Every structure is written in structure tokens, then in C-alpha cells.
Amino acid sequence: MHKRLLEANYRFRPARPSRFWEWALTPVRRHIVSGMYGVAQIDLRGHEHVLAARADGAPVMFVVNHPAHGDPFMIFEAMGRLKVPCCYMAAWQVLTGWLGVKGWAFRRLGAFSVDREGTDVRSFRAAVDVLAEGRRSLVIFPEGEVYHLNDRVTPMRQGAAMVALAADRRRRRGAAPGVSIVPCALKYFYLEDPTPVLEPVMSRLEASVHWRPRNGAPLSERVYRFAEAVLALKEIEYTGSPATGPLAERIARLTEHILSDLERRRSGQVSGGDPVPQRVKNLRQRILQQALPGFAAGNGEETPDVTVQSWRETLTALEPELEDLHLVIQLFSYPGDYVAERPSIERIAETIDKFEEDALGAHDAGARAPRRAVVAFGPPLAVAEHADGGRARTAAGPLTAAIERAIQTQLDRIER
């Protein structure tokens with residue numbers, strides 16, 4: 001899992017969608033899909049739900065799970081095939097790199113930035129504007145992270161629901177058709193057995209903890225032995241001794257130990273009822289705001305300037321706590337029973353992908369063999385049915401839960 005980069009004086013990066021550049025960049029986009037991410041086939045399912053949602057001219061929000069780094073390119077391709085013009089909410093880090101070319105290209109494809117660490121007011125307004133105006137649909141990945149979980153949806157942030165509710169309320173004030181949400185499930189299958197490629201990676205991982213590679217042992221067994229070894233090291237680091245019990249329980253206990261300690265230190269109380277990603281976000285905001293008075297935690301508005309030198313000095317001082325939070329998110333991405341529940345080659349490969357990124361520092365493990373991507377759209381959800389009399393704050397939670405269930409239902413229906 002990539003470390004979350006932080007940016008001094010974050011500024012919102014708006015979308016600059018261009019039909020010409022969407023067309024001109026198609027060969028590049030398809031080369032990335034097949035070359036970088038190894039996707040030889042894209043199987044679109046449920047397109048009738050897309051047509052039904054757009055039949056009366058109502059704006060559509062597409063909410064998508066986020067199992068792999070190449071997901072945005074799969075959705076670019078899917079929307080291109082369906083001829084659905086879209087804007088895409090993307091973490092600002094995605095719009096950096098390649099000497100500025102990457103951000104320039106993504107913005108021409110309709111992407112605009114969001115700072116996931118703060119309350120990005122301008123990004124929220126831009127998303128609402130897209131839906132309220134209705135000329136383009138909006139695509140959001142509400143999980144907010146790449147968890148490498150092909151078969152499971154992780155707890156989603158409520159931002160997508162808040163955007164949909166706000167846009168729906170604005171459109172209905174003008175007697176226009178309301179907003180629909182189309183759940184979209186994304187899943188990958190290997191077309192060829194990647195085991196010959198995965199085994200050397202597993203050997204490197206074992207060597208990283210000074211083990212002799214266990215060549216010839218089943219990959220699923222090697223995955224769990226390595227996970228237990230690394231987890232034991234972290235337990236010793238944070239608690240003084242390795243724990244016992246099922247892997248999932250040990251991960252949960254270590255996660256709670258780290259989060260509770262940070263919450264007591266920063267706020268004096270433990271917020272154990274919230275999902276782990278939300279607790280991490282709240283802590284990161286609090287840490288930055290306490291360390292940099294006046295820093296608005298990336299709200300996209302004009303804020304007091306933070307010099308690069310003071311920013312670097314602050315990050316150096318905060319590094320231990322930010323590293324702890326990064327570890328918590330890493331731990332959260334390992335359910336502990338994922339491979340044991342169904343030891344498919346996809347689940348084994350996903351777990352080794354995460355190991356390579358987390359333990360060996362790989363930026364993107366990439367595809368191990370040619371794959372097929374399935375993009376499955378589900379029946380649309382009418383936002384008005386979840387509006388709770390216009391009270392967005394109380395409606396966002398139930399609507400988010402409905403989105404999670406809808407995407408998980410679609411995932412469960414996708415078979416090899």
C-alpha cells in the first residue's frame with residue numbers, strides 16, 4: 001500500500017474534460033490497460049442498468065470498488081465503450097508525476113483532485129456541480145484506498161453519499177429529475193496461472209525475514225507463515241511480545257493498540273466505534289492541525305502559506321505518528337482469513353502483491369500474467385429514496401451502507 005503523501009499548501013486541481021483529448025488519448029489508455037496492468041479482456045455486464053439510469057436525462061453517480069491500482073483505467077475504458085461522458089474524483093497524488101504530464105492528461109480525461117486527508121470543500125463543490133448540472137456523470141471510488149481485495153468491499157467513506165444527496169437536493173429544487181447511483185463491481189481473473197511468477201517473489205519475501213525460501217511448499221501455506229512472521233515482529237515492536245490466536249484477531253488487537261494509544265495522546269479519548277479508516281483520517285487531521293496551527297488539512301481553499309522548510313521540519317517531527325497510522329491502514333488491508341476462506345490463485349496473488357508493496361517497497365506489483373477484468377453494473381439506487389427528508393448528515397450513513405451492500409452483491413455474482 002502506498003504511503004499517503006502530504007502536500008504543503010494544497011490547492012484544488014479542477015477537471016478540464018475535452019472530447020478531443022479523450023479520443024486522442026485512447027490508444028495510450030488502452031496500452032496502459034494491456035501493457036502495464038496485463039488486462040487482455042474487459043467484460044462489461046449490466047449495461048442495461050446504465051441505460052435505465054440515464055434514460056430520462058437524470059445525472060448518474062457511478063460508485064466503484066477499488067481492488068487494484070489500474071482500476072481507473074478499466075473504468076475509463078468501460079465508460080468509453082458505453083459512450084458515457086464522466087468526471088472522476090481522484091486523490092491529488094494521482095494527478096502528480098511524469099513531470100506534470102500525468103496530471104495534465106488525467107484532467108483532460110475528466111479527473112479532478114480531492115485531498116482525502118481533509119475536508120476538501122472545493123472538490124466537494126465540484127463533484128456536486130457535475131451531478132447537479134447533469135452534462136456528465138460522476139465516478140467515485142468510495143473506499144479511498146487500494147486494498148487488493150478482489151472479492152470484498154471494505155468500509156466506504158460517506159463522501160460519495162454526501163455528494164449525491166447534495167446534488168439531488170439542488171436538482172429537485174429546480175424540479176429536475178433526481179440523482180441515481182449505479183453501483184459498479186470490478187473484479188479480475190487470471191487467464192494464465194501466475195504461480196511460476198509468484199514463487200520467486202515469495203522467495204524474496206521469505207529471504208527478507210532471513211528465512212530459507214520454502215520452495216515446493218504450497219503458496220497459500222507460505223503466505224500465512226510469512227504473514228505470521230511479520231505480524232509477530234510488529235507485535236514485539238509495539239507490545240513487547242508476540243501474541244497468540246487466529247491471525248485476524250491478532251491483527252485487530254494490534255490495530256486497536258496502536259490507534260487507542262494515538263487517540264489518547266492526541267485527544268484524550270478513544271473513538272472505538274468508528275471504522276478504522278475513519279479513525280485514521282481523524283487522527284491524521286488532528287495531528288496536522290495541532291502541529292501546524294492554521295493549516296486547514298487540505299480543504300482546497302486559500303489557507304495561510306506554509307513554507308517548504310517548515311513543512312519538512314514538521315513532517316520530520318511527525319514521522320513516527322504518521323508511520324504508525326500507515327501501519328494501521330496496512331494491517332486493515334489484511335483481513336487475516338482472506339486466503340483461507342477461498343484459496344484461489346487471485347486471492348493468493350493479491351496477498352503477495354500487498355506483501356511486495358508493503359515489505360519490499362514495490363510501488364506497484366503489477367500483473368503477474370494476462371488477466372480478464374469484469375466490470376459489472378447493478379440496478380440504480382434512487383437517491384431521493386434515501387434522502388431522510390433532506391437531512392444529509394443522517395441520510396449519508398444509511399445510503400453509504402446501501403452502496404456497500406449493492407457493490408458486494410454484484411461482486412458475489414461475478415464468477416470465473
How big is the charge dipole of region 83-234 about its Cα centre, in debye rounded to the nearest 20, if each Lys and Arg gets +1 on its Cβ and each Asp and Glu gets -1 on its Cβ? 740 debye
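Which value, in Å², gives the accessible area per residue of the chain when a 1.4 Å probe is used on the protein heavy atoms?
Working: 18570 Å² over 416 residues.
In whole numbers, the chain has 45 Å² accessible per residue.
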Whole-Hz Karplus couplings 3J(HN,Hα) for region 352-368, θ = phi - 60° and coefficients 6.51, -1.76, 1.60, Gly and Pro as x, run 5, 4, 5, 4, 5, 6, 7, 9, 9, x, 5, 6, 8, 4, x, 8, 8
Non-local amide H neighbours of residue 381 (under 5 Å, H modeled in plane, Pro and chain starts lacking H): which ones? 181, 182
Could you derive backbone 3J(HN,Hα) for region 60-68 from the dihedral phi with the Karplus parameters 6.51, -1.76 and 1.60 (θ = phi - 60°), listing whole Hz in sequence and x where the residue is Gly or Pro? 10, 9, 9, 10, 10, 6, 9, x, 8
Among 65, 282, 215, which one shows the biggest mean-square fluctuation in a GNM of the chain, springs joining Cα atoms closer than 10 Å? 215
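Using a 1.4 angstrom probe on heavy atoms only, work out the carbon and sulfur share of the accessible area of the chain in %. Could the numbers behind the result be given before it?
Values: 9910 of 18570 Å².
Of all accessible area on the chain, carbon and sulfur atoms account for 53 percent.
For the chain, what is the mean residue ellipticity at 222 nm derived from helices alone (per DSSP H run of n ≥ 4: -39500 (n - 2.57); sum divided by total residues; nearest 500 deg cm²/dmol)? Spell out each step's value before the answer.
Values: 15 runs with 207 residues, N = 416.
That calculation yields -16000 deg cm²/dmol at 222 nm.
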Leaving out same-chain residues fewer than 8 places away, which aspartates and glutamates sit with a Cα under 12 Å from that of residue 83? 22
By DSSP, what percent of the beta bridges with both residues in the chain are antiparallel, rounded to the nearest 5? 30 percent
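Ordered by packing density, taken as the mean number of other Cβ atoms within 10 Å over each peptide's residues, highest first, how do 370-376, 234-240 rank? List each step's numbers first, then the result.
Working: 370-376: 20.7, 234-240: 13.0.
Output ranking for 370-376, 234-240: 370-376, 234-240.
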In sequence order, what are the phi-derived ³J(HN,Hα) couplings for region 219-230 according to the Karplus relation 6.51 cos²θ - 1.76 cosθ + 1.60 with θ = phi - 60°, rounded to whole Hz, with x for glycine and proline? 4, 4, 5, 5, 4, 6, 5, 5, 4, 5, 5, 5
If one builds a Gaussian network model of the chain from Cα atoms under 10 Å apart, the most fluctuating residue listed among 261, 115, 71 is 261
Note down the magnitude of the dipole of the chain about its Cα centre, charges +1 on Lys and Arg C-beta and -1 on Asp and Glu C-beta and zero elsewhere, to the nearest 20 debye. 1360 debye
Report, ordered by chain and residue number, the lysines lying within cross-link reach of residue 354, taken as a straight Cα distance under 23 Å and ignoring same-chain residues fewer than 8 apart. 3, 187, 234, 281
Filtered hits (lysines, Cα-Cα < 18 Å from residue 102, offset >= 8 within chain) -> none
With charges set only on the Cβ (+1 for Lys and Arg, -1 for Asp and Glu), what does the dipole of region 31-149 come to about its Cα centre, in debye to the nearest 20? 420 debye
Label points 7 Å out from Cα along the Cβ direction at residue 204 and residue 359: separation in nm? 1.2 nm
Lys/Arg Cβ at +1, Asp/Glu Cβ at -1, dipole of the chain taken about the Cα centre: which of 408, 251, 360 is farthest positive-ward? 408
Say we join alpha carbon atoms closer than 10 Å with springs in a Gaussian network model of the chain; which of 258, 403, 75 then has the biggest fluctuation? 258
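The values are calculated or read from the model by the stated rules, or taken from the named source; none is laboratory data. All values reported here derive from a predicted model rather than from experimental measurement. Every residue, glycine as well, gets a Cβ built from its backbone with ideal geometry; the counts of neighbours run over all protein chains shown. In case anyone asks, the SASA skips ligands and DNA or RNA and just uses the protein heavy atoms, side chains included. Shrake-Rupley method; radii C 1.70, N 1.55, O 1.52, S 1.80 Å.
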